[in-house]
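Take a look at the structure below.
The values are calculated or read from the model by the stated rules, or taken from the named source; none is laboratory data. In this text the structure is predicted, and so the values were computed from the model without any measurement. As a convention, Cβ positions derive from the backbone with ideal geometry for all residues, glycine included, and neighbour counts pool all protein chains shown. Please note that ligands, DNA and RNA were not included when accessible areas were found on the heavy atoms of the full protein model with its side chains. Shrake-Rupley method; radii C 1.70, N 1.55, O 1.52, S 1.80 Å.
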Amino acid sequence: MRKLKNEELGRMEQEEFQQSKKLNACIILDDIRSMNNIGSAFRTSDAFRVEKIHLCGITAQPPHRDINKTALGATDTVSWEYHEKISELIPQLKAQGYHIVSVEQADKSTSLLEFAPSKDQRYAFVFGNEVFGVNDEVVKSSDMVLEIPQYGTKHSLNISVSLGIVIWDFVSKRGGFPTVS
């Protein structure tokens, strides 16, 4: 066994990526303080061909040196938009057929272990502020609240970790990503 070289990985070029089929999901980052978390969200979204990232509130926007440091060029491949108010974005996405899923700890949340995404449904996954989480009004307006089970003494995970877990779970439960563009 040997480690593969970058040129052996068969990765897409930027133009091919932008023309390729995308995952039936988008990401919403609301009031994210850490530019490393934002950059990581872009990089994960590139890896799984997430449809779009919506940046809301105080969440910084590319181009920014600290976002780019973690994104490693994914800000050039992943489509994104900025929205001052998430409260205006949510109804727009619902009107476009998205199922709004807040990733948060809440009463009546669905464990990620029990999450069964539909292959035909479009999803918008909401990740909130590092300290305060997803805004209460957003939680109330969500179609579902998804909770990542945790078994240790801490009560939260870093946003970039949570995002990676949720998107990987989503892709794997839908049978992987289609290989055709």
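Data overview
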quantity: Hits in region 24-39 - residues which are in a strand (DSSP E or B) and open to solvent by less than 10 Å² (accessible area, probe 1.4 Å); calculated: ALA25, CYS26, ILE27, ILE28, LEU29
quantity: Selection count, region 51-61, where residues are open to solvent by less than 80 Å² (accessible area, probe 1.4 Å) and part of a loop (DSSP other than H, G, I, E, B); calculated: 4
quantity: Looking only at region 62-93, and only at residues there that are open to solvent by 60 Å² or more (accessible area, probe 1.4 Å) and hydroxyl-bearing (Ser, Thr, Tyr), the one that is nearest to the chain's Cα centre (by Cα); calculated: TYR82
quantity: Scope region 138-181; condition more than 14 Å from the chain's Cα centre (by Cα), surrounded by 16 or more Cβ atoms within 10 Å (Cβ to Cβ) and of a type in the set (S, T, N, Q); matching residues; calculated: SER141, SER142
quantity: Residue satisfying all of: in region 109-131; charged (D, E, K, R) and at pLDDT 95 or above; nearest to ASP169 (Cα to Cα) among these; calculated: GLU114
quantity: From LEU9, LEU55, LEU29, LEU23, residue being modelled with pLDDT under 95, within 30 Å of PHE132 (Cα to Cα) and either of a type in the set (A, V, I, L, M) or over 17 Å from the mean Cα position of the chain (by Cα) (or both); calculated: LEU23
quantity: Answer from ASN129, ASN135 - the residue that is closer than 25 Å to ALA47 by Cβ and crowded, with 16+ Cβ neighbours inside 10 Å; calculated: ASN129
quantity: Filtered residues of region 40-84 (kept if basic (Lys, Arg), within 19 Å of ARG122 (Cβ to Cβ) and without any contact (Cβ under 8 Å) to a residue 60 or more places away in the chain); calculated: LYS52
quantity: Matching option when the condition is free of Cβ contacts under 8 Å to residues at least 60 places away in the same chain, part of a strand (DSSP E or B) and of a type in the set (A, V, I, L, M, F, W, C), among LEU146, LEU113; calculated: LEU146
quantity: Qualifying positions in region 18-72 - of a type in the set (Asp, Glu) and under 25 Å from GLU88 (Cα atoms); calculated: ASP30, ASP31, GLU51
quantity: Any hit, region 40-50, residues being of a type outside the set (S, T, N, Q), surrounded by 24 or more Cβ atoms within 10 Å (Cβ to Cβ) and part of a helix (DSSP H, G or I); calculated: yes
quantity: Number of positions in region 97-108 that are open to solvent by 10 Å² or more (accessible area, probe 1.4 Å) and closer than 20 Å to VAL171 by Cα; calculated: 5
